[in-house]
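The structure appears below as structure tokens.
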Amino acid sequence: MSRPLVPQQPDGVGQGFVRTVVGAAIVRERRVLAARRRTPANLAGLWEFPGGKVEPGEAELAAVVRECREELGVSVAVEGQLGRAPIGENLELVLYAATLTKGQPTSSATHDLLRWLAMDELATVQWLEPDNKLLNAVEQHVSRRSPRHR
């Protein structure tokens with residue numbers, strides 16, 4: 001379930017609330033889907049895991065499914081949380097492992113390019129800082145997958 005908006009801790013109380021952004025590390029054949037930002041201008045050309053903000057009252061898992069459908073045109077099964085990373089002062093990225101259940105990802109208004117990256121290719125693109133902090137967790141997840149899911 002989505003974390004409620006809570007005051008920042010410990011000394012950020014009164015300065016704002018932390019809002020959750022979910023990301024999907026979609027794995028297929030030991031590769032993970034990376035998406036290159038088209039907008040906003042200050043993030044254009046940088047790579048991330050697809051996802052977006054959790055809506056008020058929405059569970060994080062539901063947000064992952066919704067964002068993948070809206071951004072990529074696909075259905076996914078969410079497997080579990082891989083980690084968390086701060087995005088500035090008021091946002092937090094929560095990354096989930098996922099697999100495709102229906103459809104093939106397509107670029108969108110948010111992303112101009114999608115790539116399936118092998119683990120040894122993760123360093124070949126320039127990641128947004130929060131996503132970059134979670135690359136080790138993605139690599140560990142992929143290395144633990146059973147041969148049936150590879």
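The values are calculated or read from the model by the stated rules, or taken from the named source; none is laboratory data. It should be emphasised that the depicted structure is a prediction, and the values quoted were computed from it without experimental measurement. With ideal geometry, Cβ positions are generated from the backbone for all residues, glycine too; neighbour counts draw on all protein chains shown.
Taking helices (runs of 4 or more DSSP H) as the structural unit, those lying wholly within segment 52-150 and holding at least 3 residues that are over 12 Å from residue 23 (Cβ atoms) and without any contact (Cβ under 8 Å) to a residue 60 or more places away in the chain correspond to 60-72, 135-144. Of the set (1) of a type in the set (A, V, I, L, M, F, W, C); (2) part of a helix (DSSP H, G or I); (3) surrounded by 13 or more Cβ atoms within 10 Å (Cβ to Cβ), all apply to residue 21 but (2). The residues on offer are 110, 99, and the sole one that is modelled with pLDDT of 95 or more and surrounded by 14 or more Cβ atoms within 10 Å (Cβ to Cβ) is 99.
Note on segment 29-51: residues that are farther than 20 Å from residue 81 by Cβ and not in a loop (DSSP other than H, G, I, E, B) amount to 4. Determine whether residue 127 is touching a Phe, Trp or Tyr at 6+ places or on another chain (Cβ under 9 Å) and on the phi < 0 side of the Ramachandran plot. Yes. Within segment 43-62, restricting attention to residues that are of a type in the set (A, V, I, L, M, F, W, C) and under 21 Å from residue 28 (Cβ atoms), the residue that is surrounded by the fewest Cβ atoms within 10 Å (Cβ to Cβ) is 61. Of 63, 59, 34, 85, all but one fail to be modelled with pLDDT of 95 or more, of a type in the set (Gly, Ala, Ser) and in contact with a Pro (Cβ under 6 Å, 6 or more places away or on another chain); the exception is 85.
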